[in-house]
Amino acid sequence: MCAVVGVINSKNASTYAYYALFAMQHRGQEASGISVSNGKNIKTIKAKGEVSQIFNPHNLQTLQGEIAIGHNRYSTAGNSSLDDAQPIAANCVLGDIALAHNGNLVNKQEIRNQLIQDGAIFQTHMDTENVVHLIARSKKENLQDRFIESLNNCIGAYCFVLASKDKLYVARDPYGVRPLSLGRLKDGGYIVASETCAFDLIEAEFIRDVKPGELIIFTQGNDQFESIQLEAKTPRICAFEYVYFARPDSIVEGKSVYEIRKKMGESLARKFSYKADFVVPVPDSGVSAAIGFAQYLKIPLEMAIVRNHYVGRTFIEPTQELRNLKVKLKLNPMRKVLEGKEIVVIDDSIVRGTTSKKIVSLLRAAGAKKIHLAVACPEIKFPDIYGIDTPTFEELISANKNIEEVRKHVEADSLTFLSIEELVGSIGNERQYSLISFDGDYFIKN
Ligand code: AMP
């Protein structure tokens, strides 16, 4: 997970980066940062927390320059200390550079071990720092060749944005597992961002997606950019972006996430064999699929669970008597709507099963007579290692229990999942996807 943004040829580079990160806050809330090049050197501000807490008009004003890169962090590799916030800025023999990364490198440990053997001193736990060291230690003459050489050493899923004093480099892994789009700013500058919802906010025009295996080089003051096709494989965008991760208003690889989630809901509805008075989405993750589900079956949709959008982290552990407090802080079911009803609840996914179990129990306590749970993705049976944070085999409920056992665990009256074929059919059969959480096909191997 994580979000990256890169901006060039704009007097408001850091402000655009800020708003892009703000629009992509859902991709990571742990830490954020922006690095700006003023043509001579690079300045970085990064901290733990959300974008709106870290940046303000005063500190953004200090980030002057026409090239900016930014990052929202959701920890996968590494831990949650401030050291692990991005971008990572460094001063190397070619001058200042700053690098940010979305994805996960599967050979990070080997590379790190090798670099340490060679005398490198690491300051963070992140795989991103490997690439900074590889660039710094390369014997190639210019940054472009050093970056290409470093990318050739990286195996995994990645989108990198790299800023130097006068250039912005953008690279996507050979399979294009994580999304990355290119757009044009109103002032003529360029922007790349993990999701197109960032473009909508700042009224940037979508140009195209960055191609799998593509390296784009932008030069300050030059309206033309250079594209180099490095190694490319059959593209395999991550299906989980469509299931859960991307915002519904984003267009990923030419497809509306909202429309696809509705199709997943339709697909679920086609196989749903029970009676229900109405459909209840789990807000916000189940809403788009629930709309597709309800429209297909022509049954009403009721927002019978209300979400509190202002829940940050709560530190006080609830007492035993208030054991539902934690989930109720976020989600509150409405008794008046639910009492005596037979309902179908739609959520996007079951990972550990904790959320579904709590939701079913809250709905029952609020008077629902029968609760059918329909999940708009297949059973998650395998940990993702390409940049989505999923727990280990032991913690993944569907890795350890069949559908009937999961149904019993969450205490629903019925449980329906999408099959892998139905998921792929909803997104579109014409291309391949990264489906590792569902089929365990770890196609990028070390
Ligand atoms: P769980 O309680 O572990 O079953 O959580 C499932 C819920 O977490 C789903 O309904 C999703 O909305 C959400 N979810 C799915 N994948 C992730 C993820 N990788 N990180 C955070 N939340 C997720």
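The values are calculated or read from the model by the stated rules, or taken from the named source; none is laboratory data. What you see is a predicted model, and the numbers here were worked out from it, not measured in a lab. Ideal geometry is used to build each Cβ from the backbone, glycine not excepted, and the neighbour counts take in all protein chains shown. For the accessible areas, the whole protein counts, side chains as well, though only heavy atoms, and no ligand, DNA or RNA atoms are used. Shrake-Rupley method; radii C 1.70, N 1.55, O 1.52, S 1.80 Å.
When PHE272, PHE225, PHE245 are screened for being open to solvent by less than 10 Å² (accessible area, probe 1.4 Å) and either of a type in the set (Phe, Trp, Tyr) or in contact (Cβ under 8 Å) with a residue 40 or more places away in the chain (or both), only PHE245 passes. Please verify whether PHE206 is assigned to a strand (DSSP E or B) and either open to solvent by 60 Å² or more (accessible area, probe 1.4 Å) or without any contact (Cβ under 8 Å) to a residue 12 or more places away in the chain (or both), treating the condition exactly as stated. Yes: the conditions hold for PHE206. Scanning region 374-387 for residues that are open to solvent by 10 Å² or more (accessible area, probe 1.4 Å) and not basic (Lys, Arg), which turns out nearest to the ligand (Cβ to nearest atom)? The selected residue is ASP384. Of the residues making up region 348-370, just one is surrounded by 23 or more Cβ atoms within 10 Å (Cβ to Cβ) and among the charged types (D, E, K, R), namely ASP348. Taking every residue in region 382-401 that is within 27 Å of ASN72 (Cα to Cα) and pairing it with any residue that is outside any loop (DSSP other than H, G, I, E, B) and near the ligand (Cβ under 8 Å from one of its atoms), at least 6 positions away or on another chain, the pairs with Cβ-Cβ distances below 7 Å are ASP384/PHE240; ILE388/PHE240; ILE388/PHE245. Across region 280-290, not a single residue is classified as in contact (Cβ under 8 Å) with a residue 24 or more places away in the chain, more than 16 Å from the ligand (Cβ to nearest atom) and not basic (Lys, Arg).
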